1. Scan around residue 85 for amide H atoms under 5 Å from its own, H built in the peptide plane at 1.01 Å from N, and keep only partners 5 or more places away or cross-chain.
2. Determine the alpha carbon to alpha carbon distance for each of 29/224; 29/74; 74/99; 29/198 and list only those over 26 Å.
3. Tell me the label-point distance for the pair residue 257, residue 228, using the 7 Å Cα-to-Cβ offset, in nm and rounded to one decimal.
4. Probe radius 1.4 Å, ligands and nucleic acids ignored: give me the carbon and sulfur share of the accessible area of the chain as a rounded percent.
5. Apply the a/c threshold of 1.5 to the C-alpha gyration tensor of region 235-286 and tell me whether it is rounded, prolate or oblate.
6. Taking only protein heavy atoms and a 1.4 Å probe, what accessible area per residue, in Å², does the chain have with all protein chains in place?
7. Restricting attention to region 1-69, which trypsin sites (Lys or Arg not before Pro) occupy a DSSP loop and are surrounded by at most 16 other Cβ atoms within 10 Å?
8. Only sites in a loop by DSSP and with at most 10 other Cβ atoms within 10 Å count here; which chymotrypsin sites (Phe, Trp or Tyr not before Pro) in region 1-67 make the cut?
Amino acid sequence: MNVQILCDSGCDLSNETLEALSLEMLSLKVTIKDEEYEDGKTISPFQVYESMRSGEVPKTSQVSPQAFRETFIKYAEKDQPFLYFALSSELSGTYQTAKMVEQEVKEEYENAKFEVIDTKAASLGYGLVIMRVAELAKQGRSYEDILEIGQYHADHMEHIFTVDDLEYLYRGGRVSRTAAFVGSLLKIKPLLHMEDGKLVPLEKIRGSKKLWKRMVEIMGERGKDFEHQRIAISHGDALETAEQLADMIQQEYNVKDIHIDMIGSSIGAHAGPGTIALFFLNDTYQ
């Protein structure tokens, strides 16, 4: 490979996918009961969801500067060009830390060729960007091509998602106590999306059937070129629901490639069990 692709665990790609695409992943941290774990390495999403169901409130923290430094220097010393596409800077300080380390390493290794990019994406929305650039790297595409196409995918990635219980978003400071209480009481399900890397409420829907139907409709309103692109659904330990949504989408839009994965520990610690998220491009696939 001419270019090595780096990502962080906010991409929610399985270890099998990471391995198949020769990706190097840096882990965000998850803390439960004062015990710190590495997302994707020393804790599983199942453990996080189980702890949340039993009332625990997991905390998350960014990739450490030391981890970035060691990884960046490893490639700089080998004169290996690399690109690190990061989890949205609006959801984690990981990107800012990486930018700081990037500057330091480039001062020490003047010939080092690498870039740190804010995808403004999360979960499998971010994961789809990573899969695309990793495929391009494996094909031997140029550094500039990979950077440009990766940025295009990040800029045109739609995130449409819902949480099973607003309580988890309340704990993470995403919704008010009143909204969480009223939502639970009236069986109202929120639909959210991402705007410039931030989580933004979109609509409130009463009842699950209407909710899945509306997600499929929004995909039709916003998306393009479904037959040629890979779309993704991530879930908080709710595989059956994710598969049902995939069936609805396939029937409606003739999508050939739907990637389903579980939401990882760091994103899941905020969204909670039962979350369903849908990702697709709102422009032509590149």
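1. 6, 117
2. From the list (29/224; 29/74; 74/99; 29/198), the Cα-Cα distance tops 26 Å for 29/224.
3. Rounded to a tenth, the inter-label distance reads 1.2 nm.
4. Whole-percent figure for carbon plus sulfur exposure: 46.
5. Since a/c reaches 1.5 but b/c is at least a/b, the shape of region 235-286 is classed as oblate.
6. The answer is 45 Å² per residue.
7. 33, 41
8. Nothing satisfies the criteria.
The values are calculated or read from the model by the stated rules, or taken from the named source; none is laboratory data. In this text, all values refer to a predicted model and were calculated from it rather than measured experimentally. Neighbour counts run over all protein chains shown; Cβ positions are idealised from the backbone, glycine included. Ligands, DNA and RNA are stripped out before the accessible areas are found, and what is left, the full protein with its side chains, is counted by its heavy atoms. Shrake-Rupley method; radii C 1.70, N 1.55, O 1.52, S 1.80 Å.
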